[in-house]
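Everything on this sheet refers to the single structure shown next.
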Amino acid sequence: MHDLSHGHPIPPADAIVDISSDPARLDIGFIHHALSTQTYWAKDIPRVTLMRAIAHSLCFGAYATQVEGGAARQVGFARVITDRATFAYLADVFVDPSMRGFGIGKRLCENVLAHPALQGLRRFLLATTDAAGLYARYGFEPLDPVNKMMQIHRPDIYTGRQDAP
C-alpha cells in the first residue's frame, strides 16, 4: 500500500487530488522540470516553448489535496491541443513519480474526456509507448495498420542539434 505520511494509508485518487483546467493554478516550474527532465517526448524542451504550448492549449492539473503541512501542490498534468469543435490531441500527460499508483492518471483522463469543450469531437488522438492499456479503457484504439496519418518529426529540435529540413 502506498504511504505518504506517518504510516497512514492513502485514500483513492478522488479523495486525494483535485483536477482543474484553470490555467492560473498551473505550476509552470513543476511542469517544465518534469517534462524537460523526466520524459522521453519533451526532453530538454525550453521553458519559453512550453509556455507557448500551454497558452494555446486546454490544460489540466492534478493537485494533491492531502499534503502534510501545507497547501495543495501540483502532482500531474495533461495538455489538449484542440479546435474545440472537431479535433483534439492529448499530449504531455504525466504524474509525479512519488504519486503514481493512486489512480491519478485515470482521474486526469476522465476529466479531460468529460470537459465540456471536448464533447462531440470527430477525432481525438494521442501517442503513447507505455500507457496504451490506460487509454484503451476510455475508448482509444490503435490507428489502422494502413492509415493516412503522416508526420514531420524533429526529435532533437529542443537541443539545437538538428539541421533544418
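The length gained by stretching the chain between residue 73 and residue 28 to full extension, at 0.36 nm per residue less their Cα-Cα distance, is 15.0 nm.
Ordering 76-84, 126-134 by mean Cβ neighbour count within 10 Å, with the highest value first, yields 76-84, 126-134. Counting only protein heavy atoms and a probe of 1.4 Å, the accessible surface of the chain is 53% carbon and sulfur.
All other residues with a Cβ under 12 Å from the Cβ of residue 42 taken together, and with Lys, Arg as +1 and Asp, Glu as -1, what is their net charge? Spelling it out: positives minus negatives among the neighbours equals +1. Using the rule -39500 (n - 2.57) for each DSSP H run of four or more residues, divided by the residues of the chain, the 222 nm mean residue ellipticity is -6500 deg cm²/dmol. Taking 0.36 nm per residue of separation and subtracting the Cα-Cα distance, full extension of the segment from residue 158 to residue 51 would add 37.1 nm.
Take the Cβ atoms of residue 81 and residue 144, set R0 to 25 Å, and the FRET efficiency comes out at 0.65. Among residues other than residue 29 with Cβ under 12 Å from its Cβ, the summed charge is +1 (Lys and Arg +1, Asp and Glu -1). Packing order of peptides 95-105, 21-31, highest average first: 95-105, 21-31 (average count of other Cβ atoms within 10 Å over each peptide's residues). Output the 0 to 90 degree angle, nearest 10, between the alpha-carbon long axis of helix 28-38 and the longest principal axis computed from the alpha carbons of the chain. That works out to roughly 70 degrees. In sequence order, the stretch 76-81 has phi-based couplings of x, 7, 8, 10, 10, 8 Hz under the Karplus curve 6.51 cos²θ - 1.76 cosθ + 1.60, θ = phi - 60°, and Gly or Pro positions carry x. Excluding residue 87 itself, what net charge comes from residues whose Cβ is under 11 Å from its Cβ, given Lys and Arg +1 and Asp and Glu -1? So the surrounding residues net to +2. Residues whose amide H lies under 5 Å from that of residue 76, counting only those 5 or more places away or on a different chain, are 62, 96; hydrogens are built 1.01 Å from N in the peptide plane.
Highest mobility in the GNM of the chain, judged by mean-square fluctuation with C-alpha springs under 10 Å and restricted to 72, 53, 85, is found for 85. In the stretch 16-137, Cα pairs under 8 Å separated by at least six residues give a relative contact order of 22 percent.
The values are calculated or read from the model by the stated rules, or taken from the named source; none is laboratory data. Computed from a prediction, not measured in an experiment: that's the story for all the values here. All Cβ positions, glycine included, derive from the backbone under ideal geometry; neighbour counts span all protein chains shown. Side chains are part of the model used for accessible areas, which takes the heavy atoms of the whole protein and leaves out ligands, DNA and RNA. Shrake-Rupley method; radii C 1.70, N 1.55, O 1.52, S 1.80 Å.
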